[in-house]
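J.: Let me give you the structure first, and then I'll get to my questions.
The values are calculated or read from the model by the stated rules, or taken from the named source; none is laboratory data. As the structure is a computational prediction, the values presented were derived from the model and not from experiment. Neighbour counts run over all protein chains shown; Cβ positions are idealised from the backbone, glycine included.
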Amino acid sequence: MKILGIESSCDETACSVVEDGKTVLSNIVASQIDEHRLYGGVVPEIASRRHAENIDRVVSQALEAAGCTLDDIDAIAVTYAPGLIGALLVGVSYAKGLAMSTKKPLVPVHHIAGHIATNYISHSELKPPYLCLVVSGGHSHIVEVLDYTKYRVVGRTRDDAAGECFDKVARTLGYEYPGGKFIDAAAKAGDPNAFELPHPKVQGSEYDFSFSGLKTAVINLVHNSQQKGVEINREDMAASFQRTIAEILSQKLMLAAQNLGYNTIAVAGGVSANSGVREKIAAECEKRGYKLYLPELKYCGDNGAMIACQGYYDCLAGKRADMSLNAVATLSLENL
Ligand code: KG4
Ligand code: ZN
């Protein structure tokens, strides 16, 4: 079964054709990041306009690269939630038009479910149930993946998402938006023990995250040293920050795995590309004998393959949308 997956929830216009939820026949991503970088973050109105300009070309390229025409496609999957509402609407409207004109089924896909599905592409042996840490620019969740289309969110962030924290710390250190990958590169040249940064104390749920205290600690250290006329060593700060956030993520994930009885673990989302996070979680899983699944780097950030892959499982589960499908800015994974 060939699924065409369309993603436009943030600043990537993406489309992919995936066969049977695992074989990626094409994966086209048109990133708008160079333009948003000028403003230090994603500008929603610009994002929507660029999606509208790019989507037709991106979908055509994905079909061509897969060696397909629309006749070969069995269903059209599209991200409908969560994300920037105007950006989502472009993908949803385009997918509805395509489904109506071709009379193919339309399958609505949740963006976070899509991130989770990337590990099915990279590891065909992975099967639910397992525990997944989803860390992206907008989300930080610990999720029990009960089945291919059923989730329980056991931990979430109380404030910033992990990727947002990476990006804000990066900006403080003078790196361009989105700075996660620059922190990753700088950390390789720095001393991870140069600075002792705070681990948050979150009241209530033991699996919830809070990153704002960590972010503020870095900002204060950098500003205080600037006021004294001393330049902080960027590589050392990047390495210390990365060590700390990797420790926080892995501690909560390991605690949840132990308490909830999971020994199969996955990580997904943009921040799952981070080498420090990957290494720390891999080391902790190895100590405990847990099997760890990490997505290939090319599937960590937003892409259409993850939507086509999840669309396959949603399609098998009978999920369908009609022409009344709307974009939804905020929607829990548990309410699908
Ligand atoms: O999943 P994603 O592409 O978009 C959202 O759904 O939010 O995630 C983007 C986030 C950004 O915050 C970006 O800085 C971060 O992922 N990111 C990284 C790395 N590569 C991307 N963060 C840390 N290290 C990286 N190597
Ligand atoms: Zn994403």
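J.: Just to check your reading of the model, which residue among A329, A282, A305 is within 16 Å of ligand 1 (Cβ to nearest atom), loosely packed, with under 15 Cβ neighbours inside 10 Å and farther than 23 Å from E196 by Cβ? If you could, list the steps in order and put the result at the bottom.
T.: Numbers: A282 fails: loosely packed, with under 15 Cβ neighbours inside 10 Å; A305 fails: loosely packed, with under 15 Cβ neighbours inside 10 Å.
Sole residue among the options that is within 16 Å of ligand 1 (Cβ to nearest atom), loosely packed, with under 15 Cβ neighbours inside 10 Å and farther than 23 Å from E196 by Cβ: A329.
J.: Something else now. Assess whether V230 counts as being surrounded by fewer than 14 Cβ atoms within 10 Å (Cβ to Cβ) and either in the same structural domain as V169 (by TED's automatic domain parsing) or in contact with a Gly (Cβ under 7 Å, 6 or more places away or on another chain) (or both). Talk me through it step by step, then tell me what you get.
T.: Working: surrounded by fewer than 14 Cβ atoms within 10 Å (Cβ to Cβ): yes; either in the same structural domain as V169 (by TED's automatic domain parsing) or in contact with a Gly (Cβ under 7 Å, 6 or more places away or on another chain) (or both): yes.
So V230 passes the test.
J.: State whether the residues of segment 122-129 include one that is buried (at least 21 other Cβ atoms within 10 Å of the Cβ) and not assigned by TED's automatic domain parsing to the domain that holds M254.
T.: Step one: list which residues in segment 122-129 are buried (at least 21 other Cβ atoms within 10 Å of the Cβ), which gives none.
No: zero hits.
J.: Check L249 against each of (1) within 15 Å of ligand 1 (Cβ to nearest atom); (2) in contact with a Ser or Thr (Cβ under 9 Å, 6 or more places away or on another chain); (3) not in a helix (DSSP H, G or I) and name the one condition it does not meet.
T.: Unmet for L249, out of (1) within 15 Å of ligand 1 (Cβ to nearest atom); (2) in contact with a Ser or Thr (Cβ under 9 Å, 6 or more places away or on another chain); (3) not in a helix (DSSP H, G or I): (3).
J.: I would also like to ask the following. Scan (1) in contact with a Lys or Arg (Cβ under 7 Å, 6 or more places away or on another chain); (2) surrounded by fewer than 20 Cβ atoms within 10 Å (Cβ to Cβ); (3) touching a residue at least 40 places away in the same chain (Cβ under 8 Å) for the single condition I219 breaks and write down its number.
T.: (1)
J.: Quick one: is H110 farther than 20 Å from N326 by Cβ, within 16 Å of ligand 2 (Cβ to nearest atom) and surrounded by 19 or more Cβ atoms within 10 Å (Cβ to Cβ)? Spell out the reasoning first.
T.: Numbers: farther than 20 Å from N326 by Cβ: no; within 16 Å of ligand 2 (Cβ to nearest atom): yes; surrounded by 19 or more Cβ atoms within 10 Å (Cβ to Cβ): yes.
So H110 fails the test.
J.: Among the numbered criteria (1) surrounded by 24 or more Cβ atoms within 10 Å (Cβ to Cβ); (2) in a helix (DSSP H, G or I), which single criterion is violated by L255?
T.: Here L255 clears every test but (1).
J.: A follow-up question, please. Please enumerate the residues belonging to segment 194-245 that are outside any loop (DSSP other than H, G, I, E, B) and over 23 Å from E279 (Cβ atoms).
T.: As a first pass, look at segment 194-245 and keep what is outside any loop (DSSP other than H, G, I, E, B): 209, 212-227, 234-245.
Residues satisfying the conditions are S212, G213, T216, I219, N220, L221, V222, H223, N224, S225, Q226, Q227.
J.: Can you tell me which residue is farthest from N335 (Cα to Cα) among those in segment 82-109 that are in contact with a strand residue (DSSP E or B) (Cβ under 6 Å, 6 or more places away or on another chain) and within 16 Å of ligand 1 (Cβ to nearest atom)? Don't jump to the end; show me each part of the working.
T.: First pass over segment 82-109, keeping only residues in contact with a strand residue (DSSP E or B) (Cβ under 6 Å, 6 or more places away or on another chain): 91-92, 95, 98-99, 104-109.
After this cut, where a residue has to be within 16 Å of ligand 1 (Cβ to nearest atom) as well, the list is 91, 109.
Details: G91: 21, V109: 12 Å.
It comes out as G91.
J.: In segment 292-325, which residue that is hydrophobic (A, V, I, L, M, F, W, C) and part of a loop (DSSP other than H, G, I, E, B) is farthest from ligand 2 (Cβ to nearest atom)?
T.: Our first condition is that a residue be hydrophobic (A, V, I, L, M, F, W, C); within segment 292-325, this holds for 292, 294, 297, 300, 305-309, 315-317, 321, 323, 325.
Okay, now just the ones that are also part of a loop (DSSP other than H, G, I, E, B), so 294, 300, 317, 323, 325.
Details: L294: 16, C300: 9, A317: 22, M323: 26, L325: 20 Å.
Per the stated criteria, the residue is M323.
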